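Chemist: Before I ask anything, let me first share the structure, which is written out below as structure tokens.
The values are calculated or read from the model by the stated rules, or taken from the named source; none is laboratory data. Remember, predicted model here, so these are calculated numbers, not experimental data. Every residue, glycine among them, receives a Cβ derived from its backbone with ideal geometry; neighbour counts consider all protein chains shown. SASA here: full protein model, heavy atoms, side chains in, ligands and nucleic acids out. Shrake-Rupley method; radii C 1.70, N 1.55, O 1.52, S 1.80 Å.
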Amino acid sequence: MKRTTMILTAAMLIAPAAFAARVDRRQVHQQERIAQGVKTGTLTPGETAKIETQETKLQREKRDMREDN
């Protein structure tokens, strides 16, 4: 019973960190794709502004969620 409790506790502590790392990695890749779109001209200035606004909103939500915990 003790071992199971220890394993579950460890999993609960590790899982959020792994999830956060995955989210951060996805955001980096998305920023790279946006930069590539701007560089190649496949994103218009308006599209870029819209995406950047959405990214800013997501970053704010992410920060707020971290502050709540």
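Chemist: Could you give every pair whose Cβ atoms fall below 8 Å, whose first residue belongs to region 26-48 and is outside any helix (DSSP H, G or I), and whose second residue is of a type in the set (A, V, I, L, M) and open to solvent by less than 80 Å² (accessible area, probe 1.4 Å), counting only separations of at least 6 or pairs across chains?
Modeler: Partner pairs satisfying both residue conditions: 43/34; 43/51.
Chemist: Continuing with the same structure: Of the residues that make up region 15-31, is at least one modelled with pLDDT under 85, more than 24 Å from residue 62 (Cβ to Cβ) and either hydroxyl-bearing (Ser, Thr, Tyr) or more than 14 Å from the chain's Cα centre (by Cα) (or both)?
Modeler: Scanning region 15-31 turns up no residue that is modelled with pLDDT under 85, more than 24 Å from residue 62 (Cβ to Cβ) and either hydroxyl-bearing (Ser, Thr, Tyr) or more than 14 Å from the chain's Cα centre (by Cα) (or both).
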